[in-house]
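Undergrad: Please find one structure pasted underneath; my questions will follow.
The values are calculated or read from the model by the stated rules, or taken from the named source; none is laboratory data. Here the structure is a predicted model, which means the values were calculated and not measured. Quick reminder, even Gly has a Cβ in these numbers, built from the backbone with ideal geometry, and neighbours come from all protein chains shown.
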């Protein structure tokens, strides 16, 4: 993003217009004078916004032609996760994305995670942090907590090359259910560096508790996602009668339509 609130406003407005097809590939953006008038800012401010769009690869400055749209955020299909088919997508993730292991250690989990997993305070867990990439672009920053008794069945090298769900099942764990919550957060310096975004950028925040068939917590995930490269989808159906009609999630039977649907 360019420096200055006014330049950021111009930048975000033009970026959204490009994403929504107001300005299409090969089309010229209005000139600096016109943009300065529309947004009621100086030409210097407009230039800062245009420079940022060029740096993003969305606009190209061409001699004699001005600023031409050469890409669009909407053309780069984001990774998508459908809440209705969560577990199958988790199992399929390794086929669609790659992972980079950033850290791997054993320590005690934060108190709120230990409590959620049903662990005693101070019980050791494996703590691993990874970045997932699609088309060589990082889209998620994942920190997982797994009880030591389960985690010792696989190595650091295994985790760097194999989806965690696969490793858990190889360890004899029978995964039965998961619960998760989604909110928003801002990128800390370490997460921003890993996801190639600016510090303080808005991110999707997801926390998921995975339990086995005996109700024991076998994994706790703390994830951060780039909203420009990751979406969360849900299919709803209108059910009920007359004044009692309401929206209800539908359970999709066929996941083939979710061509790039993956999760952490």
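Quick grid of which residues meet (1) over 26 Å from the mean Cα position of the chain (by Cα); (2) surrounded by 18 or more Cβ atoms within 10 Å (Cβ to Cβ); (3) under 22 Å from residue 197 (Cα atoms):
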position	(1), (2), (3)
2	no, yes, yes
12	no, no, yes
21	no, no, no
28	yes, no, no
36	yes, yes, no
42	yes, no, no
53	no, yes, yes
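Undergrad: May I pose another question? State whether the residues of the range 129-146 include one that is over 21 Å from residue 230 (Cβ atoms) and in the same structural domain as residue 222 (by TED's automatic domain parsing).
TA: Just the residues of the range 129-146 that are over 21 Å from residue 230 (Cβ atoms), to begin with: 145-146.
Applying the additional criterion that residues be in the same structural domain as residue 222 (by TED's automatic domain parsing) yields 145-146.
Yes: one or more hits.
Undergrad: Can you spot a residue in the range 229-241 that is in a loop (DSSP other than H, G, I, E, B), surrounded by fewer than 13 Cβ atoms within 10 Å (Cβ to Cβ), modelled with pLDDT of 80 or more and over 24 Å from the mean Cα position of the chain (by Cα)?
TA: yes
Undergrad: Suppose we filter the range 52-69 for residues that are touching a residue at least 12 places away in the same chain (Cβ under 8 Å) and closer than 17 Å to residue 17 by Cβ; how many remain?
TA: 11
Undergrad: Select from the range 105-121 the residues that are in a loop (DSSP other than H, G, I, E, B) and in contact (Cβ under 8 Å) with a residue 24 or more places away in the chain and write down the one among them that is farthest from residue 157 (Cα to Cα). First the steps, then the outcome.
TA: We begin by selecting, within the range 105-121, every residue in a loop (DSSP other than H, G, I, E, B); these are 109-110, 118-121.
This time we only want the ones that are in contact (Cβ under 8 Å) with a residue 24 or more places away in the chain, so: 109, 118-119.
Values: 109: 22, 118: 28, 119: 26 Å.
Within the range 105-121, the match that is farthest from residue 157 (Cα to Cα) is 118.
Undergrad: Just to be sure I understand the filter: pairs with C-beta atoms under 7 Å, separated by 6 or more residues or on different chains, first member in the range 5-27 and assigned by TED's automatic domain parsing to the domain that holds residue 41 and in contact (Cβ under 8 Å) with a residue 24 or more places away in the chain, second member in a helix (DSSP H, G or I) and surrounded by fewer than 13 Cβ atoms within 10 Å (Cβ to Cβ). Which pairs pass?
TA: 19/74
Undergrad: Right, another one. Given the criteria part of a loop (DSSP other than H, G, I, E, B) and either touching a strand residue (DSSP E or B) at 6+ places or on another chain (Cβ under 8 Å) or touching a residue at least 12 places away in the same chain (Cβ under 8 Å) (or both), does residue 153 qualify?
TA: Answer is yes for this residue.
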